[in-house]
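These notes are about the structure you will find just below.
The values are calculated or read from the model by the stated rules, or taken from the named source; none is laboratory data. Since the model is a prediction, treat every value here as computed from it, not as a measurement. All Cβ positions, even for glycine, are placed from backbone atoms using ideal geometry, and neighbour counts span all protein chains on display.
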């Protein structure tokens, strides 16, 4: 009777060993297949918690990247608009200087200069209504489809559009129409209309004063473009910092969850050998028990 109990105990022990070897082989093969050390939280509870924290940080980094790309695209569009606006206002200034030398010019020639200023005004209004992703960049936070209507009236508001581009780092990406083109009523569009009128009437005295106003409009546009450039530089710096931080986080996460492929291959081979040995041992014990029963 005692012999039968011993054989039963051996069989149970052998089966437990077989199950353990099989479970370890399955676990290692799952890690090998996924490339991850942690295939379920129980594999490494502390590592799982740390990995979740690192993934959350990487997710925030991803949102920062989205915000940085938006800001960069907006500021790039604004820079192009500013450059175009400065060129157009400089062209208007050249016309004003020509008008001031009107002694040798006929009224028809002065009227032609006025027509050119009107054309510049229309083009400048189109520039002031530049959009990014369908949104007028100089209209603040208003829902208006344009920053300025065809008469040159501002349709936007003074709202700031900001984006978070890093840990505790936000940036305003927009500048409103009045900031760039002047306050309503004394903006560059009103100035260009007045210049065209002075040219048609041959009023050089008024034109002389308007030349200084054009220079003031150019300074305002240049200052706004410089502020936009400073914001763009902050974006570039944030992107550089984030690239380094993201690499650090990914390296830390890899150290926690990624397998050493060569070492894992050895472990899988060893586990498979142990499993095959346990399988043969279990099969031998079961055969002995059957022969003993037959005797």
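Scanning for something under 19 Å from residue 225 (Cα atoms) and surrounded by fewer than 20 Cβ atoms within 10 Å (Cβ to Cβ), does segment 109-122 turn up at least one residue? Looking for residues that are under 19 Å from residue 225 (Cα atoms) and surrounded by fewer than 20 Cβ atoms within 10 Å (Cβ to Cβ), one finds none in segment 109-122, hence no.
Does residue 261 qualify as being surrounded by fewer than 17 Cβ atoms within 10 Å (Cβ to Cβ), more than 27 Å from the chain's Cα centre (by Cα) and modelled with pLDDT under 95?
Yes; evaluated as a whole, the condition is true for this residue.
Would you mind telling me which numbered condition in (1) exposed (fewer than 15 other Cβ atoms within 10 Å of the Cβ); (2) assigned to a helix (DSSP H, G or I); (3) modelled with pLDDT of 95 or more residue 103 fails? Result: residue 103 passes all but (3).
The number of residues in segment 163-201 being in contact with a strand residue (DSSP E or B) (Cβ under 6 Å, 6 or more places away or on another chain) and without any contact (Cβ under 8 Å) to a residue 60 or more places away in the chain comes to 4. Do we have residue 138 as closer than 30 Å to residue 101 by Cα and either surrounded by 19 or more Cβ atoms within 10 Å (Cβ to Cβ) or in contact with a helix residue (DSSP H, G or I) (Cβ under 8 Å, 6 or more places away or on another chain) (or both) here? Judged against the criteria, residue 138 is not a match.
Residues in segment 134-162 that are without any contact (Cβ under 8 Å) to a residue 12 or more places away in the chain and either assigned to a loop (DSSP other than H, G, I, E, B) or touching a strand residue (DSSP E or B) at 6+ places or on another chain (Cβ under 7 Å) (or both): 6 in all. Mind listing whichever residues of segment 84-109 are over 17 Å from residue 214 (Cβ atoms) and touching a residue at least 60 places away in the same chain (Cβ under 8 Å)? The answer is 107, and nothing else.
In the condition set (1) in contact with a helix residue (DSSP H, G or I) (Cβ under 6 Å, 6 or more places away or on another chain); (2) crowded, with 20+ Cβ neighbours inside 10 Å, residue 132 is compliant with all but (2). Residues in segment 179-189 that are buried (at least 18 other Cβ atoms within 10 Å of the Cβ) and in a helix (DSSP H, G or I): 180, 181, 188, 189.
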